[in-house]
């Protein structure tokens, strides 16, 4: 029988709160009654809504107790002055009691993918822990820490930001032994103002790095020297390692090949070459693989073991996953769902990977890239070259910013535009033909993910469901 995650005595000690009666948390820590599991601690955060309004529902769903800042009924609780501060204190207490090797990941693109890769590798080597989804903000990081069992051996934490000053305090919460930056690119310019400011903020991932920790940087990034200098300021005893195609990289990408559906990446890590297969397409995946192998190899396992554990990785939903969907009139098309988020760098990478896929026509449904700031019009406009280089046969553009891309495309280029993702639906479903490859991408707030979901529902409603390639290349439903 596994040890309890928390007792009310533990929570009182960590937070300075007072328990109404003793209780034991046997499952996890939840802030959402829709996903709460019996035995969870329910944390009544106040964000868009006041979590105290849902305490009663949490107890009915089986919550073992609640963390609150005002009296509640229906079950035991620990009352504190400020729930978010108490959650942070609980997370720090979880870190202190655990002997886990902790890795912190940030970057303008690829951080969730690298986090998921590390989570897969770490899980192969014993009790491990990681963020759910992209819980990487002011409540997501302490929540992830608070969920970490005492017996965890390896843990990976994704840390994100929208405005200056967000990464350093989260790094201090995690106190990683390994810190990793995937890349620096034009994302969140609205909040940061310049790519240089983004680089400085990303470097703050090393603010909480343990003495003698490992600093992992993208060797091919224009800001690598700046990042290294800033990292040494923050952690003078840290050891700098790099990944990429540079001959000087600690983890050097020595090969990439794809059959249009899967990829094989070869990486040389200090003279040892390993190969990893992933169910994803695009050369940017090679960088993700190299970064993950380098970080994982710092936790006491060989590079070969890490490569074996990583092979077979597939991206989480919305991160470039490809699936074959049936068409109501017969045939099928391939949906490449990369709709979780977008910035100029990741948009270009997605279009480049589309060019490497095999099949029929290449189509792209693209939504606005948000939080780009004053350069938004130009960033959208310059995507025209990436669309052309990808061999895209037609585009479906959603949102007010995508009109700049529409204007930059050559006269007569097949395109459809709409004010929102939902408004693209009729044009998109009429255009799809057997064999098409459709990329869907946009910032999360653009709603492009809903368009991907609607296509799945459309196919399923016709009784076709999701289709996958069978052993002989024939399609089968599942």
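The values are calculated or read from the model by the stated rules, or taken from the named source; none is laboratory data. Keep in mind it's a predicted model, so treat the numbers as computed, not measured. Cβ placement follows ideal geometry from the backbone for every residue including glycine, while neighbour counts extend to all protein chains displayed.
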Worksheet entry | Selection status of residue 198, in contact with a helix residue (DSSP H, G or I) (Cβ under 6 Å, 6 or more places away or on another chain) and assigned to a strand (DSSP E or B) | no
Worksheet item: Residues 381, 370, 348, 403: which one is under 23 Å from the mean Cα position of the chain (by Cα) and either free of Cβ contacts under 8 Å to residues at least 40 places away in the same chain or not assigned by TED's automatic domain parsing to the domain that holds residue 449 (or both)?
Response: 348
Worksheet item: Got at least one residue in the stretch 299-307 being farther than 30 Å from residue 324 by Cβ, under 23 Å from the mean Cα position of the chain (by Cα) and in the same structural domain as residue 111 (by TED's automatic domain parsing)?
Response: yes
Worksheet item: If a residue has to be within 30 Å of residue 436 (Cα to Cα) and either in contact with a strand residue (DSSP E or B) (Cβ under 6 Å, 6 or more places away or on another chain) or outside any loop (DSSP other than H, G, I, E, B) (or both) to count, how many in the stretch 210-261 make the cut?
Response: 4
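Quick grid of which residues meet (1) surrounded by fewer than 20 Cβ atoms within 10 Å (Cβ to Cβ); (2) in a loop (DSSP other than H, G, I, E, B):
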{"site": "282", "(1), (2)": "no, yes"}
{"site": "292", "(1), (2)": "no, no"}
{"site": "301", "(1), (2)": "yes, yes"}
{"site": "306", "(1), (2)": "no, no"}
{"site": "323", "(1), (2)": "yes, no"}
{"site": "329", "(1), (2)": "yes, yes"}
{"site": "336", "(1), (2)": "no, no"}
{"site": "342", "(1), (2)": "no, yes"}
{"site": "354", "(1), (2)": "no, no"}
Worksheet item: (1) out of contact with any helix residue (DSSP H, G or I) (no Cβ under 9 Å at 6 or more places or on another chain); (2) over 23 Å from residue 153 (Cβ atoms); (3) surrounded by fewer than 20 Cβ atoms within 10 Å (Cβ to Cβ): which one isn't true of residue 55, the others all being true?
Response: (3)
Response to the item:
With criteria (1) under 28 Å from the mean Cα position of the chain (by Cα); (2) closer than 18 Å to residue 10 by Cβ, residue 68 comes up short on (1)
Discussion item. Restricting to the stretch 167-195, give me the number of residues that are in a loop (DSSP other than H, G, I, E, B), modelled with pLDDT under 95 and more than 20 Å from residue 112 (Cβ to Cβ).
Written reply: 2
Discussion item. Being farther than 19 Å from residue 341 by Cα and either in contact with a strand residue (DSSP E or B) (Cβ under 8 Å, 6 or more places away or on another chain) or modelled with pLDDT of 95 or more (or both): is that true of residue 405 here?
Written reply: no
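Given the stretch 22-131, what helices (runs of 4 or more DSSP H) lie entirely inside it while holding 2 or more residues that are farther than 30 Å from residue 343 by Cα and not assigned by TED's automatic domain parsing to the domain that holds residue 338?
55-60, 83-97
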Discussion item. Given the criteria outside the structural domain of residue 444 (by TED's automatic domain parsing), within 29 Å of residue 390 (Cα to Cα) and assigned to a helix (DSSP H, G or I), does residue 296 qualify?
Written reply: no
Practice prompt. Determine which single condition residue 386 fails, assuming it passes every other condition in (1) assigned to a loop (DSSP other than H, G, I, E, B); (2) surrounded by fewer than 21 Cβ atoms within 10 Å (Cβ to Cβ).
Written response: (1)
